Amino acid sequence: MTRTLTILGIESSCDDTAAAIVCHRPGEPAEILSSEVVGQTALHADFGGVVPEIAARAHVERLDGCVERALAVADIGLDGIDAVAVTAGPGLIGGVLSGLMLAKGLARSRGLPLIAVNHLAGHALTPRLTHGTPFPYLMLLVSGGHCQFLLVQGADQFRRLGGTIDDAPGEAFDKVAKLLGLPQPGGPAVEAEAAVGDPKRFAFPRPLLDRPGCDLSFSGLKTAVLRARDTLVAAQGGLTRQDRRDICAGFQAAVADVLAEKTRRALAMVADVGLHPSALAVAGGVAANTAIRALLETVSAQAGVPFLAPPLHLCTDNAAMIAWAGIERFRLGLFDDATVSARPRWPLDTTAPALLGSGKRGAKA
Ligand code: KG4
Ligand code: ZN
């Protein structure tokens with residue numbers, strides 16, 4: 001399939017309503033004609049996490065406007081679209097259904113092919129959208145809802161080398177921020193405090209480093225932070241600014257160390273099977289963390305593998321990645337019909353053992 005493709009992507013699996021138009025001429029870099037993202041942070045702010053029912057209703061209210069804006073910004077009508085690609089999972093069922101129903105309606109009414117995309121495949125294929133990265137490459141997905149190492153060998157060929165057995169790292173950053181009275185989302189707030197803290201004052205655990213492989217765990221680390229806070233509060237009646245900074249620095253250093261060591265192992269696992277990955281790519285909001293990113297870059301350089309971090313707005317949830325995954329699937333002749341279901345859980349690698357846990361941002365696959 002070598003013709004130019006222009007695809008509408010729709011994403012609504014968590015708390016971002018998004019629509020995008022991506023165009024690809026074979027042999028040329030992909031062009032993002034538009035990428036609209038409407039977040040819901042304010043709607044969930046009072047609840048300490050994403051409320052699935054509120055998220056689903058907001059998606060229903062906003063999806064059609066979002067698609068209209070994506071078409072308008074791209075200066076294109078539905079008659080200029082070759083297919084509709086939509087996230088069909090994993091994620092919060094109400095949100096996924098909202099997007100999938102809209103996509104089915106659009107495809108059916110305009111006689112367009114429908115392409116159901118796994119949200120994780122969208123993240124995992126982003127380096128090809130932004131940099132044309134050749135297969136195979138290693139992807140570390142680190143966000144508020146996901147944490148896994150994926151060996152990406154083809155547009156429909158993923159091997160999960162490991163993942164979190166409980167919380168995602170972004171979720172841990174958010175919970176630690178909450179424990180310390182810092183604003184949400186916690187990642188940037190904790191990073192700012194950590195920058196002026198002493199990472200050595202608190203000896204927080206590095207969970208699962210004693211276990212072989214590259215599965216990860218962050219819930220024990222969060223509990224250790226809770227204990228450290230409670231001990232200080234019991235002893236001195238509260239936290240000083242410096243206490244807060246030192247806790248953040250210790251916590252961030254622990255997350256960075258764990259991610260770095262597990263990345264080292266994932267790279268070694270890939271080398272062990274005789275593969276030479278074209279890159280170590282990162283995606284997800286946590287990849288914005290300067291300290292974590294710097295450590296991952298070092299690990300990558302030590303393994304002689306180029307490090308790749310797509311621009312942040314394409315690392316976090318968006319619909320351009322879904323449109324791009326749609327382009328890749330279109331070229332492989334992988335289409336769906338109106339019977340395709342929303343899948344709240346949908347592992348990319350069906351051969352990998354199921355991971356435990358389901359966080360506040362939805363089911364992890
Ligand atoms: O990929 P993302 O935007 O959304 C989903 O998870 O769906 O990731 C958001 C997560 C939040 O948990 C946020 O606290 C975390 O990424 N995050 C960070 C930083 N910026 C955002 N974590 C650590 N350091 C940061 N600078
Ligand atoms: Zn995501």
Would you confirm, using the coordinates I've provided, whether ILE327 is within 16 Å of ligand 1 (Cβ to nearest atom) and in contact (Cβ under 8 Å) with a residue 60 or more places away in the chain?
no
What do you reckon, is ILE322 touching a His at 6+ places or on another chain (Cβ under 7 Å) and either in a loop (DSSP other than H, G, I, E, B) or over 30 Å from VAL196 (Cα atoms) (or both)?
no
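Each row is one residue, and each column tells you yes or no for (1) of a type in the set (Gly, Ala, Ser); (2) crowded, with 19+ Cβ neighbours inside 10 Å.
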residue	(1), (2)
LEU5	no, yes
THR17	no, yes
VAL22	no, yes
GLU61	no, no
GLY80	yes, no
GLY111	yes, no
I need a count of the residues in region 212-235 that are closer than 22 Å to THR263 by Cβ and exposed (fewer than 13 other Cβ atoms within 10 Å of the Cβ).
1
Which numbered condition VAL60 misses (of (1) free of Cβ contacts under 8 Å to residues at least 60 places away in the same chain; (2) within 21 Å of LYS175 (Cα to Cα)):
(2)
Restricting the search to region 148-186, which residues are within 16 Å of ligand 2 (Cβ to nearest atom), under 22 Å from LEU275 (Cβ atoms) and of a type outside the set (Lys, Arg)?
GLN148, PHE149, LEU150, VAL152, PHE158, GLY163
Condition test on THR126, is it more than 15 Å from the chain's Cα centre (by Cα) and either within 16 Å of ligand 1 (Cβ to nearest atom) or crowded, with 24+ Cβ neighbours inside 10 Å (or both)?
no
Of the residues VAL73, VAL67, which single one is within 25 Å of VAL340 (Cα to Cα) and β-branched (Val, Ile, Thr)?
VAL67
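Values in this text are rule-based calculations from the coordinates and carry no lab data. Bear in mind that the values here come from a model prediction, so they are computed numbers and not experimental data. Positions of Cβ are generated from backbone atoms using ideal geometry, with glycine treated the same way; all protein chains shown enter the neighbour counts.
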